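The values are calculated or read from the model by the stated rules, or taken from the named source; none is laboratory data. Small disclaimer: the values here were computed from a predicted structure and weren't measured. Heads up: the accessible areas ignore ligands, DNA and RNA and are worked out on the full protein's heavy atoms, side chains in. Shrake-Rupley method; radii C 1.70, N 1.55, O 1.52, S 1.80 Å.
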Amino acid sequence: MSLNFPQRAVVSFGGNHWNVALGKDRLSWGHGETGNLVISDNIPAHYFGRFTAFYNSYKYSFLTSFFPHQLMYWDENKWDNNGNQADPTKGIRFYMAHRMEGRFFNNKLSASLTEAIMYQSDDGTVNPRIFNPVDVFHNYYIRGNANSTLAIELDYT
């Protein structure tokens, strides 16, 4: 029996060329069979929000996935296990990524570019500039608050 019920729950709505999904589910980006480099389904569930726009051979996705901040579990000097549900939430931590995908040469070549940032703040504040879905996250070097990644995938069949 798991107390994390429901393990998977998603609300999704969209149109002919776009989709918005909010919920808790496994996430995976890429063609990997045993896992993917950027986002793999080895974590049982992500709390996420995702926007996707697509047309024919192209797709754009913007994803945010939220995690508990270390301050929820860790004191300055030791493990903090004295908290309870009445304690205020400490800090904020989330993963944010955008991904561009395309299929070329009669679907023989699949290419994708994924850029992501792991953002955290001890005091729970967020700099709103990082929510620009078409910006380059690598420009946001925020010492102690952010770590960005970049992945390029090519698959030829």
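Please report the accessible area of I117 (heavy atoms, 1.4 Å probe, ligands and nucleic acids excluded) in Å², nearest 10. For I117, solvent-accessible area is about 0 Å².
For E101, what accessible area in Å² do you get when you roll a 1.4 Å probe over the heavy atoms of the protein chains, rounding to the nearest 10? Number for this one is 50 Å².
Residues H31, H46 ordered from highest to lowest accessible area at a 1.4 Å probe: H31, H46.
Solvent exposure of S57, expressed as accessible area, is near 40 Å², computed with a probe of 1.4 Å over the protein chains only.
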